[in-house]
Amino acid sequence: MSEQPPTPAPKPAGAPEPEPIRFFGTSWLDRDNGYWLRRVGVSVGALAATAAAALVLRFGVEGIALSESGGFLNGLLTAAIAVCSLMAVRRTWKVLTEGKEQLTGWMAEDKSLGAVWLIGGVGSLAAYFARSLVEAPGEAVRRDAHRKAVEQYEKRQAGRSGRPGGKRKR
């Protein structure tokens, strides 16, 4: 006879379900079903995307340099890319560790700072790569939200009387 993994106990109706994470589904909760392989894949993919984005930016900077427009413009362009990348790193890291709802001020601006996030895409991808080395990107936020939901559910269940179906007849 072949051994089969134990089937998890069915969850009661109304129990909170974990929210899926892109590329991981809900495997992040118990870190099963290929979680570690997916983590490696996401890390490698993010690193490759970072390298590709950096190459595209390099072509853009070299194009400006070939136009012989002067050292000041080249320095200004390099500084702009560096600042945009640093801003994108900070924003992406905060989203992945604390959640998008925690963004305030300039970090919360999606539309008005769209060009900044586009130029700083290399930094954002680098932050995604770095976070994927620690956990599934966004896992801490989802794990905390799921833990709170389970605690609230257990409190509600513990507060009920002996009859879970309804009120007592008088």
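Nothing in this text is a laboratory measurement; each read-out follows from the coordinates by a stated rule. Computed from a prediction, not measured in an experiment: that's the story for all the values here. As a convention, Cβ positions derive from the backbone with ideal geometry for all residues, glycine included, and neighbour counts pool all protein chains shown.
When only alpha-carbon atoms are used, what values of Rg and Dmax, in angstrom, describe the chain?
Every Cα atom of the chain included, Rg and Dmax give 23.4, 91 Å.
Which FRET efficiency value, to the nearest 0.05, do you get for Ala79 and Glu101 by plugging their Cβ-Cβ distance into 1/(1 + (r/R0)^6) with R0 = 30 Å?
With a Förster radius of 30 Å, E is 0.40.
If R₀ is 22 angstrom, what is the calculated FRET efficiency for the pair Asp110 and Glu19, using the beta carbon separation as r and rounding to 0.05? Write out the running numbers ahead of the final one.
Details: r = 21 Å, r/R0 = 0.94.
In this case the efficiency is close to 0.60.
Scan the chain and report its longest stretch carrying no GluC sites (Glu not before Pro) that are both in a DSSP loop and have at most 13 other Cβ atoms within 10 Å.
By the stated rule (loop sites, at most 13 other Cβ atoms within 10 Å), 4-67.
Are there any trypsin sites (Lys or Arg not before Pro) in the stretch 56-142 that are in a DSSP loop and have at most 10 other Cβ atoms within 10 Å? List them by number.
Lys111
So how many Lys-Lys pairs in the chain land under 22 Å Cα to Cα, not counting same-chain pairs under 8 apart?
Close lysine pairs found across the chain: 7.
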